[in-house]
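Trainee: Supplied in structure tokens, the structure appears directly below.
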Amino acid sequence: MKVAHVVVDVPAMQTDKPFDYRIPEKWEEVIVPGIRVIVPFGPRKVQGFVTGIAEASDHGKLKTISELFDLTPALTDELLKLGQWLTEKTLCFQISAFQAMLPAAMKAKYEKKIVLTGNAEELPFDLAVLFSNTDSLSWDEAQAHDLFSSLQKQMKKGTLEVVYQVKQKGKQKKVRSIEVNGTAEAIETAAREMPPQASRQKAVLDFFIHNGLSPMSAADLKELAGASDASIKSLVQKGLLTEKWVEVYRDPFGHRTFKPTKSMPLTREQESAIAPILSCIEEKRHEVFLMYGVTGSGKTEVYLQAIDRVIREGKEAIVLVPEIALTPQMVDRFKGRFGSMVAVLHSGLSTGEKYDEWRKIQRGEVKLAVGARSAIFAPFQNLGIIVIDEEHESSYKQEENPRYHARDVAIRRAESHSCPVVLGSATPALESFARAGKGVYKLLPLAKRVNERPLPEVSVVDMREELREGNRSMFSRALFEHLQARLERNEQSVLFLNRRGFSSFVMCRDCGFVIQCPNCDISMTYHRQGQKMKCHYCAHEAPMPSSCPECTSEHIRFFGTGTQKVEEELARVLPEARVIRMDVDTTSRKGAHERLLSQFGEGKADILLGTQMIAKGLDFPKVTLVGVLAADTMLHLPDFRSSEKTFQLLTQVSGRAGRHDLSGEVIIQSYSPEHYSIQLAKEHHYDGFFEREMSERKLGSYPPYYFLAVVNVSHPDLLKASGVMENIAQYLKQNTDPYTKILGPVASPIPRIKNRYRYQCMIKYKKDDKLIPVLKKVMDRYQQETAREDLGISIDLNPSSLM
DNA sequence: AGCACGCCGACT
DNA sequence: GTCGGCGTGCTC
């Protein structure tokens, strides 16, 4: 007897282990690790992943696998092991790890149904109606009709039964393909002998004769040959044609053509950066490279040529790009060089499209996957290189379970494939640069820009000074003059502001009341469109009040500036400027992102105004001015990475200016211009920033000097949340290494979100073998309460942000 | 997660 | 005496 170890799709602590099932003899050959199956679990059926095969089980009575869900493993052996590793590194359930590695379309969907098993005539009248022309009824429908008491009687009698159906969310897209039966002559004869009234059928046959006998989709046949469903059907009945359903891929780039590009000659610097990567590929050796190069130093060309080598050796490659940088411009570069060998995976695609791209990888039809974070799980079997562009980006860390960092996964996968990882950035994460300094990663510096253009001139404007001199506008005099100058010279500008909406908060001038979200401890943002107040955390909306809800004063005013307000102000002070605004609110519709960018690229606007999303990857030759309206917005957030993020963002944004023939200028407006993040970004001085920030981290015992873990507790009741957190903190203090620092508990920086109070506790440690098991115990201890009392506990090992 | 089992209060 | 509340524990 063969036994399968199955991890079932029930995300809970007690079910987080393999269960043994008997493999039916007929499937002994088919069922291998990585295949998904449907198994009886308690009273119902669930999906599960086969993680191993054995000859016997320790367990007494075994149930049998009910159904196969895959014919080829959904997860390779390597990915199964990786799942195990993820479970340990992120403290998540095995099933969550497995599901995270697959496209969302492959997640199981459960349908509860009542099916007719006995004779329909035995049913009472009220039920007989519902089962008159079907033998199944959905659970929801039964609920809606309030039929449970009579249903229950029938179930006891055995006329009806409850079944669970396990389905896949996404489907393969299939089209009807029409094939010709028989030789060309046979068809010709048939066409000749067609009765005169069957003109459509004759036309279809003639079409096949003139265009070869290759199969064709029914839709095309209708369009090109004037076929109709009726004519096709009769031809099929006559045995001249056959219908088949074949899988087709949804093609998200179907309507785009890509200009093929060739390798460019490398500069001497690029040569010396690529050489160690290539020898690593040749020697089939694992190594992590940190390619540290300023914007415009040609990192992408190095990636492309290294990948080219990998593909020529018959191996595959993964390229990770931050979600917001996964722009058409970026995709073009890879599609242009590698054409149809590329699969693209990003959030802009529909679930179905993502699934199709994934299938291409699984079937070995492509050699390269370009995508955001989750593309790191691309099911390649023979990886030759993994590239992570802009490796410092926080979007590589998943903020839900499993809370993995794509960089760690990449290194893990590259180890098992004995291949290099290339991390690229102009502003590496402090951890990465520190590791390069210690020789754990190999540093590949690219100091010069390919076109030898100097980095743009950056000036910092002290907005306090502006205010003192009577300028209350959001534009400093310098920025305004420069904007005007670009308009006159017909050059383009990019304005960056890290806040969407109209104003950041609304306050009463008489009593100081600030309008807050009723569900979260955060002020609401006014949105001009629809005159609404919105909460950016829970999406709560409320009308804008005309008077203060507290003191009924009418002096309520907007404070702080969002992109909408800047747009309005621009229209007032520079009426002739054409402005494109890009933020979550203007790009939520599919394709909007791409459309706005191409409009700007075609010169249909003078100013591109936007949030985060315009900071990366954009490369427009006519942009000669970049303005950062408020550089301090994230500088003072209670997060140990806020200086690093500010420096990275400013450097990143500055890189948008003067990338081509025209030289660029950057103006940074700030209320704390003396801060080292801003000063060193102005000088383009990463090394200086690194030194300075490292000493800050050392003082605060933060990474990379210490490892960090954060435990978060949330509950609708404040006392419950703080009480549980207090207990956990006590327990941690008693059971971890004496050198481990347990800080807190404290209320989270945003103490309440979606009506849940949040408390947290921070753990700083250098080496603590007890910590992980202790944290696991904590999860175990509160397991029931998380399920029953709406208690939320999350543990983040190596958090990217403390918010 | 679901679901059954089981032990205490208000009813035919 | 029973029906039904939801606390506890199990699912190969």
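Trainee: Hey, among A:Lys354, A:Lys360, which residue is under 18 Å from the mean Cα position of the chain (by Cα), outside any loop (DSSP other than H, G, I, E, B) and among the basic types (Lys, Arg)?
Mentor: Testing whether each residue is under 18 Å from the mean Cα position of the chain (by Cα), outside any loop (DSSP other than H, G, I, E, B) and among the basic types (Lys, Arg) leaves just A:Lys354.
Trainee: I'm trying to understand the selection: among the residues of the stretch A:425-445, which are assigned to a helix (DSSP H, G or I) and more than 28 Å from A:Met613 (Cβ to Cβ)?
Mentor: Selection gives A:Ala434, A:Arg435, A:Ala436, A:Gly437.
Trainee: Let me ask something additional. Residue by residue through the stretch A:21-65, note down the ones that are surrounded by fewer than 16 Cβ atoms within 10 Å (Cβ to Cβ), within 13 Å of DNA strand C (Cβ to nearest atom) and not in a strand (DSSP E or B).
Mentor: Listed by number, the residues that qualify are A:Pro24, A:Gly42, A:Pro43, A:Ala56, A:Asp58, A:His59, A:Gly60, A:Lys61.
Trainee: Within the stretch A:501-566, which strands (runs of 3 or more DSSP E) (wholly inside it) include 2 or more residues that are within 29 Å of A:Ala631 (Cβ to Cβ)?
Mentor: Working: elements: A:505-508, A:525-527, A:532-534, A:541-543, A:556-559.
By residue number, A:505-508, A:525-527, A:532-534, A:556-559.
Trainee: Tell me whether the stretch A:240-249 contains one or more residues that are touching a helix residue (DSSP H, G or I) at 6+ places or on another chain (Cβ under 8 Å), aromatic (Phe, Trp, Tyr) and within 30 Å of A:Ala105 (Cβ to Cβ).
Mentor: yes
Trainee: Still on this structure, I have one more. Of the residues A:Thr15, A:Thr76, only one is buried (at least 16 other Cβ atoms within 10 Å of the Cβ) and away from DNA strand B (no atom under 16 Å from the Cβ); which? Even if it seems obvious, please write down each step before you answer.
Mentor: Numbers: A:Thr15 fails: away from DNA strand B (no atom under 16 Å from the Cβ).
Every option except A:Thr76 fails the conditions.
Trainee: What are the residues in the stretch A:405-424 that are surrounded by 21 or more Cβ atoms within 10 Å (Cβ to Cβ), hydrophobic (A, V, I, L, M, F, W, C) and part of a helix (DSSP H, G or I), if any?
Mentor: Listed by number, the residues that qualify are A:Ala406, A:Val409, A:Ala410, A:Ala414.
Trainee: Name the strands (runs of 3 or more DSSP E) wholly within the stretch A:710-803 that hold at least 2 residues that are away from DNA strand C (no atom under 16 Å from the Cβ) and of a type in the set (Phe, Trp, Tyr)?
Mentor: On the way: elements: A:741-753, A:756-765, A:792-797.
Strands (runs of 3 or more DSSP E) meeting the threshold: A:756-765.
Trainee: On to the next question. What are the pairs, 6+ residues apart or on separate chains, where a residue within the stretch A:40-61 that is polar (S, T, N, Q) has its Cβ under 6 Å from a residue that is modelled with pLDDT under 85?
Mentor: A:Gln47/A:Ala108; A:Gln47/A:Val166
Trainee: Separate question: Of the residues A:Val387, A:Val440, which is within 20 Å of A:Met291 (Cα to Cα), out of contact with any Gly (no Cβ under 6 Å at 6 or more places or on another chain) and surrounded by fewer than 23 Cβ atoms within 10 Å (Cβ to Cβ)?
Mentor: Going through A:Val387, A:Val440 in turn, just one is within 20 Å of A:Met291 (Cα to Cα), out of contact with any Gly (no Cβ under 6 Å at 6 or more places or on another chain) and surrounded by fewer than 23 Cβ atoms within 10 Å (Cβ to Cβ): A:Val440.
Trainee: Hey, any hits in the stretch A:139-151 for a residue that's under 29 Å from the mean Cα position of the chain (by Cα), within 15 Å of DNA strand B (Cβ to nearest atom) and among the polar types (S, T, N, Q)?
Mentor: no
Trainee: Restricting the search to the stretch A:448-490, which residues are farther than 21 Å from A:Ser663 by Cβ, under 37 Å from the mean Cα position of the chain (by Cα) and among the aliphatic types (A, V, I, L, M)?
Mentor: A:Met463, A:Met474, listed by residue number.
The values are calculated or read from the model by the stated rules, or taken from the named source; none is laboratory data. None of these values were measured; they are calculated from a predicted model. Backbone-built Cβ (ideal geometry, glycine too); neighbour counts: all protein chains shown.
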